[in-house]
Amino acid sequence: MVERSGRMKALVIDNVQAKTVIPEINKRVLPKSIVYTDEGRWYNTLQGERRYQHRRINHSAGVYVMGDIYTNTIEGFWSLIKHGIGGVYHSVSHKFLQSYLDEYSFRYSHRNDVEPMFLTFLRQIAKAESVETPA
């Protein structure tokens, strides 16, 4: 999932069935949000109780952009993941896949920060340490 502002959250899920995908979306996307997806049938129930506005792009028909409806941002992120894992790590076990996704999500979400990525990373470590060791 990616916000139009660029913050990213990638998750390892068991399958792409609606009963698996939709609860994860509901946990992280505010009610009444506009959700942009491809034509995957597991998204059919998005306009349910949380009343998302749902916009689809039909890739199987060769359509990739229709006005402000597109999924290029998330597709670009998955391309970075695939090339990063294949080029840097070569392979990743299922056991550690979420950790790699978290790393790439963090870097993607902070790619436009004013301060250098290294300082952003150090601030996150300091935050985590202050939570783990109460005063």
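The values are calculated or read from the model by the stated rules, or taken from the named source; none is laboratory data. Keep in mind it's a predicted model, so treat the numbers as computed, not measured. Using ideal geometry, Cβ is built from the backbone for each residue, glycine included, and neighbour counts are taken over all protein chains shown. Just so you know, the surface numbers come from the protein's heavy atoms only, side chains and all, with ligands and any DNA or RNA stripped out. Shrake-Rupley method; radii C 1.70, N 1.55, O 1.52, S 1.80 Å.
Between TYR104, TYR100, the distinction of being of a type in the set (Ser, Thr, Tyr), in contact with a helix residue (DSSP H, G or I) (Cβ under 6 Å, 6 or more places away or on another chain) and assigned to a helix (DSSP H, G or I) belongs to TYR104 only. GLY48 meets all of the listed conditions (1) part of a loop (DSSP other than H, G, I, E, B); (2) open to solvent by 80 Å² or more (accessible area, probe 1.4 Å) but one, namely (2). Within the range 105-123, residues that are within 18 Å of HIS83 (Cβ to Cβ) and open to solvent by 100 Å² or more (accessible area, probe 1.4 Å) have Cβ atoms under 8 Å from residues that are part of a helix (DSSP H, G or I) and not acidic (Asp, Glu) in these pairs: ARG111/MET117, counting only partners at least 6 apart in sequence or on another chain.
For the residues ILE125, ILE74, ILE85, ILE81, the requirement of being touching a Phe, Trp or Tyr at 6+ places or on another chain (Cβ under 6 Å), of a type in the set (A, V, I, L, M, F, W, C) and in a helix (DSSP H, G or I) singles out ILE81.
Note on the range 34-70: residues that are touching a strand residue (DSSP E or B) at 6+ places or on another chain (Cβ under 8 Å), over 18 Å from GLN17 (Cα atoms) and among the β-branched types (Val, Ile, Thr) total 3.
Remark: VAL35 falls outside the filter, which requires a residue to be surrounded by fewer than 12 Cβ atoms within 10 Å (Cβ to Cβ), touching a residue at least 12 places away in the same chain (Cβ under 8 Å), not acidic (Asp, Glu) and not in a helix (DSSP H, G or I).
Would you say HIS54 is part of a helix (DSSP H, G or I) and either out of contact with any Pro (no Cβ under 9 Å at 6 or more places or on another chain) or surrounded by 11 or more Cβ atoms within 10 Å (Cβ to Cβ) (or both)?
Considered against the rule, which asks whether it is part of a helix (DSSP H, G or I) and either out of contact with any Pro (no Cβ under 9 Å at 6 or more places or on another chain) or surrounded by 11 or more Cβ atoms within 10 Å (Cβ to Cβ) (or both), HIS54 comes out as no.
Of the residues in the range 6-19, at least one is among the basic types (Lys, Arg), open to solvent by 50 Å² or more (accessible area, probe 1.4 Å) and outside any loop (DSSP other than H, G, I, E, B). Contact annotation: residue pairs with Cβ atoms under 9 Å, 6 or more positions apart or on different chains, pairing a residue in the range 73-85 that is farther than 11 Å from VAL2 by Cα with a partner that is in a helix (DSSP H, G or I) and open to solvent by less than 20 Å² (accessible area, probe 1.4 Å), are ILE81/LEU101.
A quick yes/no check of all residues on (1) modelled with pLDDT of 90 or more; (2) within 14 Å of the chain's Cα centre (by Cα); (3) open to solvent by 70 Å² or more (accessible area, probe 1.4 Å):
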residue: ARG4; (1), (2), (3): no, yes, yes
residue: ASN26; (1), (2), (3): yes, yes, no
residue: TRP78; (1), (2), (3): yes, yes, yes
residue: ILE81; (1), (2), (3): yes, yes, no
residue: GLN98; (1), (2), (3): yes, yes, no
